[in-house]
Amino acid sequence: MPAATDRLSDWLRGTLSMLWREILKFGIIGAVAFVIDVGTMNLLRHTVLADKPTTAKVVSASVATVFSWLGNRQWTFRHRRNRAAHHEFSLFVVTNLVALVIGAGAIVVSHYGLRQESLLADNIANVIGIGLGTLFRFWAYRKFVFAKELEPASDKNSANTAGSAPTNSSRP
């Protein structure tokens, strides 16, 4: 029975290690996408979309989404890719459209529902919406977009590779 306990312990340690690495990478990509999103929204609000905060949000989130897909596909979840790029991108876009509705919804509620029409209020609502959308995205990316089932480590390598993804040099 101790061997089974050791294998379970190694698997759990490897799985948690991989999850934390994914969270860290997702956070880094997300932080850069956040700067792109907030920066673009504010640029648009100060220039061509001064009176259209929701439109500015849709445009800024779209730019951030393209960056996020590339970063998450090539770095965060590269070990989970199992679909053709166009199919994966379609799922990614649908996931981000739901997150966009969450983010834009926060601005709509604040700006139009609560009549908090200042740029500061729009930015606070934007940050809240991004936070809620981020929680949804991490879950959905792992569940649907980059949903490859990872293979368990072999018994002889379980201590060194538990939870790590197999390499595949034939990826596109």
*Residue-count net charge about F138 - beta-carbon cut-off 12 Å; Lys, Arg +1, Asp, Glu -1*: +3
*asked:* Just want to confirm a number: the relative contact order over region 1-144, from Cα pairs under 8 angstrom separated by 6+ residues, in percent.
replied: 21 percent
*Here are some pairs, K25/K143; K25/K52; K25/K57; K25/K148; which of them have Cα atoms lying more than 28 Å apart in this structure?*
K25/K52
*Evaluate the charge dipole of region 2-149 about its Cα centre and quote only its size in Debye, nearest 20, assuming +1 on the Cβ of each Lys and Arg and -1 on the Cβ of each Asp and Glu.*
420 debye
*State the volume of the convex hull built on the alpha-carbon positions of region 2-149, expressed per residue in Å³ and rounded to an integer.*
109 Å³
*Segment D6-I23, extension gain: residue separation times 0.36 nm, minus the distance between their alpha carbons*: 3.6 nm
*Using r as the Cβ-Cβ distance of N82 and V48, and R0 as 45 Å, what FRET efficiency do you calculate, to the nearest 0.05?*
0.65
*At what distance in angstrom do the alpha carbon centres of region 1-72 and region 110-145 lie from each other?*
13 Å
_Using a Förster distance of 25 Å, the FRET efficiency for R13-K143 (Cβ separation, nearest 0.05)_ = 0.65
*Report the full-extension gain for the segment F89 to A31: residue separation times 0.36 nm, less the Cα-Cα distance, to one decimal in nm.*
18.8 nm
*Fewest-first ranking of E88, E117, using other Cβ atoms within 10 Å as the exposure measure*: E117, E88
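A short reminder: the numbers here are calculations on the coordinates, not readings from a lab. Values in this document were obtained by computation on a predicted structure and should not be read as measured data. No Cβ is skipped: glycine too gets one built from the backbone with ideal geometry, and neighbour counts run over all protein chains shown.
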